[in-house]
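The values are calculated or read from the model by the stated rules, or taken from the named source; none is laboratory data. Everything quoted here is computed from the prediction, not taken from an experiment. All Cβ positions, glycine included, derive from the backbone under ideal geometry; neighbour counts span all protein chains shown. Ligands, DNA and RNA are stripped out before the accessible areas are found, and what is left, the full protein with its side chains, is counted by its heavy atoms. Shrake-Rupley method; radii C 1.70, N 1.55, O 1.52, S 1.80 Å.
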Amino acid sequence: MCYTRGHAFDYDGWARLGNAGWSYQDVLPYFKRAEHHERGADAFHGTGGPLNVANLRSPNVLTKAFVTAGTQVGIPRNDDFNGAEQEGVGLFQVTQKNGRRCSTASGYLGMAKHRGNLTILTGAQARRVLFDGDAAVGVEYQRGGTVHVVHAAMEVILSAGAIQSPQLLMLSGIGDRVPLQAHGIPVVAHLPGVGKNLQDHLDVIVVNSCTQPVSIGITPGNVLRWPWELMKYFCGRRGLFTSNAVEGGGFVKSRPSEPVPDLQFHFSPMKLSRHGMDMGDLFGDGYSLHVCCLRPKSVGEIRLASPHPMEAPQIVANYLTHPDDMETMLRGVRLARDILAAPAFDRYRGRELMPTVLCERDDKIRQFIRERAETIYHPVGTCKMGQDAMAVVDSELRVHGARRLRVVDASIMPTLVGGNTNAPTVMIAEKASDLVRWAAHERRH
Ligand SMILES: Cc1cc2nc3c(=O)[nH]c(=O)nc-3n(C[C@H](O)[C@H](O)[C@H](O)COP(=O)(O)OP(=O)(O)OC[C@H]3O[C@@H](n4cnc5c(N)ncnc54)[C@H](O)[C@@H]3O)c2cc1C
């Protein structure tokens, strides 16, 4: 539910790579068109769009302490990471409406699903795009064990995300010809960049225990408060259960020479590791500060593991293979510890649980990062937009070497943006809707 857009620098970079129409000034209207910002419209925000963006309703006292602590170590306060300046610490804006998540499913499909020109098939898996020569003419999909075909009157649009859009392209014969032929897939277009250029946000968490019963961890005291919190939630959509768990954050430069923030913090008023999958960590009062390297230089790829559409592709993430990423994370962990050591946390601070006091030397912190870092689920770039030999789509998101086929999702980002990736993906879709409409208009006239 964190609503962040990345930095203007990112989109200007896309334009500099030769993608006309994707500079920050070009894409800002689509960010604005997508949102209904409860703070109202201004130069950076829109109202009336399907995606409801709101302030957090009931931020935890620990999150407020985090914001103060950030300012105490010299980071400016920022009340709008999506406004004139991204740098600073503050509370995240959230994609929520009335205290509940406003996803693209509820924001967009909710209002469109009754239209006569839209059919939604759930539980259906696309197996491959069908071609007549190099023109996409339909999609083969599987539902309940039966294979079906749907024909496209105008064009086919893949939006299966950064892991599966490249898989679908490869299953359909679009990709590097050598592995395609090795899997026995007839080649429609030799496009070696399909699946390459995988970029993702790696994240490591500094965790402290808390001496006061104020976090949202599972403790006897907190559990006793839950009936009251549930009543607040159901009666007024307020309180603990409106939390998005990562309530506060920050965008900072890990060293003064960085042109724009290269680190993002996510603060959570609970103990977290492995995104809550280590259930034991959820017990007890604590708080966590995530450190994320915003523009990793390590690049991975998606490979076809099998020609069978129901089998998962291989994800080769290659995290931390570029040494600069480790050094950025190292500076980030040091800064995170400084923030958590600031006076604002004095009344809450227990002991450091991760990485622990034993981890002071740089080599030890590097080891901690290697052992504990994890994805924050922002894979992008595997069908990148561009004009070079490794580009997969052009600046109108049309697949190179094929006709009547587009990709519209996070996979088209040429570079990973400096922020969470949901709002940028929605922006891409908003822009694509214009591109499709204009193409249809041209065809008619
Ligand atoms: C746990 C988690 C938390 C996140 N939190 C945030 C956050 O707070 N803020 C933020 O900005 N971003 C967040 N993100 C990232 C954000 O969700 C993604 O960047 C965004 O959803 C990417 O959109 P997409 O359309 O590219 O891919 P997806 O949202 O993954 O959509 C792809 C869709 O295609 C479907 N699909 C795939 N293959 C096939 C097939 N063969 N046939 C049929 N359907 C198929 C999938 O089921 C999926 O529904 C989070 C991600 C995760 C996983």
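The residues of segment 216-361 have, on average, 46 Å² of accessible surface per residue, using a 1.4 Å probe with all protein chains present.
Here CYS210 sits with roughly 20 square angstrom of accessible surface, probe radius 1.4 Å.
For segment 189-301, the relative contact order works out to 40 percent when only alpha carbon pairs closer than 8 Å and six or more residues apart are counted. Under a Gaussian network description of the chain, with springs only between Cα atoms under 10 Å, the residue in ASP278, ASP12, ASP26 that fluctuates furthest is ASP278. The residue list MET231, VAL333, SER288 was ranked by how far each Cα lies along the charge dipole of segment 227-364 toward its positive end, using unit charges on Cβ atoms, and MET231 comes out on top.
Share of carbon and sulfur in the accessible area of segment 362-423 stands at 45%, probe radius 1.4 Å. Of the trypsin sites (Lys or Arg not before Pro) found in segment 75-124, the ones in coil according to DSSP and having at most 16 other Cβ atoms within 10 Å of their Cβ are LYS113, ARG115. Computed with a 1.4 Å probe on the full set of protein chains, the accessible area for HIS308 sits at about 110 Å². First check a/c for segment 1-75, with a ≥ b ≥ c the square roots of the eigenvalues of its C-alpha gyration tensor; if it is under 1.5, answer rounded, and if not, answer prolate when a/b is larger than b/c or oblate otherwise. Taking the square roots of the gyration eigenvalues as a ≥ b ≥ c, segment 1-75 is oblate. Ligands, DNA and RNA left out, the accessible area of segment 1-133 computed with a 1.4 Å probe is 49% carbon and sulfur. Counting pairs of Cα atoms in segment 44-148, how many percent are more than 15 Å apart? Here the long-distance tail beyond 15 Å is 76 percent of all Cα pairs in segment 44-148. Each pair of Cα atoms in the chain enters the Kirkwood radius, and Stokes-Einstein at 10 °C and 1.306 mPa s then converts it into a translational diffusion coefficient of 68 µm²/s.
Within the set LYS32/LYS271; LYS271/LYS384; LYS97/LYS271; LYS297/LYS364; LYS64/LYS384, which residue pairs have Cα atoms separated by over 30 Å? Numbers along the way, then the final one.
Numbers: LYS32/LYS271 35 Å; LYS271/LYS384 36 Å; LYS97/LYS271 26 Å; LYS297/LYS364 22 Å; LYS64/LYS384 39 Å.
LYS32/LYS271; LYS271/LYS384; LYS64/LYS384, as the Cα separations exceed 30 Å there.
With contacts taken as Cα pairs under 8 Å and at least 6 residues apart, segment 60-199 reaches a relative contact order of 11 percent. Near PHE92, the amide H atoms lying under 5 Å from its own belong to GLY248, GLY249; only residues 5 or more places off or on other chains count, and H is placed 1.01 Å from N.
For the chain, the relative contact order is 22 percent, taking Cα pairs closer than 8 Å that sit 6 or more residues apart in sequence and dividing their mean separation by the residue count. Database remark: amide H of GLY419 closer than 5 angstrom to no amide H (H placed geometrically; neighbours at sequence offset of 5 or more, or on other chains; Pro and chain starts carry no H). Comparing GLU360, GLU352, GLU374 in a Gaussian network model of the chain, where Cα atoms under 10 Å apart are tied by springs, the biggest mean-square fluctuation is seen for GLU360.
Per-residue Karplus couplings for segment 298-304, computed as 6.51 cos²θ - 1.76 cosθ + 1.60 with θ equal to phi - 60°, are listed in order as 6, 10, x, 7, 9, 10, 6 Hz, Gly and Pro entered as x. A full extension of the chain between THR71 and ARG437 corresponds to an added length of 127.1 nm, given 0.36 nm per residue minus the alpha carbon distance. Remark on VAL407: its backbone amide H falls under 5 Å from those of LEU158, VAL399, a criterion applied only to residues 5 or more positions apart or on other chains, H modelled at 1.01 Å from N. Only the Cβ atoms of Lys and Arg (+1) and of Asp and Glu (-1) were treated as charged; on that basis the dipole of the chain about its Cα centre amounts to roughly 1000 debye. From helices alone, the chain scores -8500 deg cm²/dmol at 222 nm; the rule is -39500 (n - 2.57) for each run of n ≥ 4 DSSP H residues, then divide by the residue total. For segment 3-47, trypsin sites (Lys or Arg not before Pro) meeting the loop criterion (DSSP other than H, G, I, E, B) and having at most 16 other Cβ atoms within 10 Å: ARG39.
Please state the shape class of segment 147-203: rounded when a/c is under 1.5, otherwise prolate if a/b exceeds b/c and oblate if not, all from the C-alpha gyration tensor.
oblate
In terms of its C-alpha gyration tensor, segment 97-217 has an oblate overall shape, because the principal axis ratio a/c (a ≥ b ≥ c, square roots of the eigenvalues) is not below 1.5 and a/b does not outweigh b/c. Among GLY13, GLY350, GLY133, which one moves the most in a GNM of the chain with springs linking Cα atoms closer than 10 Å? Largest GNM mean-square fluctuation: GLY133. What's the longest bit of the chain with no exposed chymotrypsin sites (Phe, Trp or Tyr not before Pro), using DSSP loop states and at most 15 other Cβ atoms within 10 Å as the test? Between exposed loop sites, the widest span is 45-376.
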